[in-house]
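Below: one structure, written as structure tokens.
The values are calculated or read from the model by the stated rules, or taken from the named source; none is laboratory data. Because the structure is predicted, anything quoted here is derived from the model rather than measured. Note that we place each Cβ from the backbone using ideal geometry, even for glycine, and neighbour counts take in every protein chain shown. For accessibility, only protein heavy atoms count, side chains too; no ligands or nucleic acids. Shrake-Rupley method; radii C 1.70, N 1.55, O 1.52, S 1.80 Å.
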Amino acid sequence: LVRDVLAWHAQNPTDWRKTWHLVEEKWNRDDLCPDGALVPFNIDARINGAYVVLGLLYGDGDFAKTLEISTRSGQDSDCNPSSAAGILGVMLGYERIPEKWRAGIPALAGTKFKFTSYSFDEIVASTLKRAEKVIVAANSWLVSQSARRGETAGMATTLAAVVLRGRRWICTHAG
């Protein structure tokens, strides 16, 4: 499904509605949820994922445009724009998120969310720890792949920097 969205975006780089129609035509005809096929109830994770990708591609890095497209695509139209905005926020970095969209965060940053034991600040810290583990694991995997191919660290070094809310991890690996 994502491959289709990418291909249709390449064919229609300025017309998100055309790509939306193509998604609907090909992917929204059947649903394994018998109460949901072809009725407004149809909430399909695959299609929702396509709408997140649609918002990101056609939003062109613009927060408002990304939110609008992922919302107007339908289906789970509260979670889809939230997911798209979260992904775009990571891509841009916190400081590049327009002030309009982050202005309310300081007021609630330390408040626990309902039905969870986390506040915004705590979930950010927890996410950063998990991201660091993924980066370290990916780096280890890349080094092992290079070693398996007989490459040495001196042959080539790739620098990968991941910036998440002001923290930077530098991972180097051979390959």
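Could you report the accessible area of TYR94 in Å², rounded to 10, computed with a 1.4 Å probe on the protein chains as they sit in the structure?
Here the residue's solvent-accessible area equals roughly 50 Å².
With a 1.4 Å probe and all protein chains kept in place, how much accessible area does GLU122 have, in Å² rounded to the nearest 10?
70 Å²
Would you tell me the accessible area of ASP15, worked out with a 1.4 angstrom probe on the heavy atoms of the protein chains, in Å² to the nearest 10?
So the heavy atoms of ASP15 present about 70 Å² to solvent.
Would you pull out the residues with amide H under 5 Å of SER119's amide H, same chain only if 5 or more places away, H placed 1.01 Å from N?
Counting only residues 5 or more places away or on other chains, the set is PHE113.
Which net charge results for the neighbourhood of THR71, defined as the other residues with beta-carbon distances under 13 angstrom from its beta-carbon, given Lys and Arg at +1 and Asp and Glu at -1?
Net of charged neighbours comes to -1.
Net charge around GLU122, counting only other residues with Cβ within less than 12 Å of its Cβ (Lys, Arg = +1; Asp, Glu = -1)?
+1
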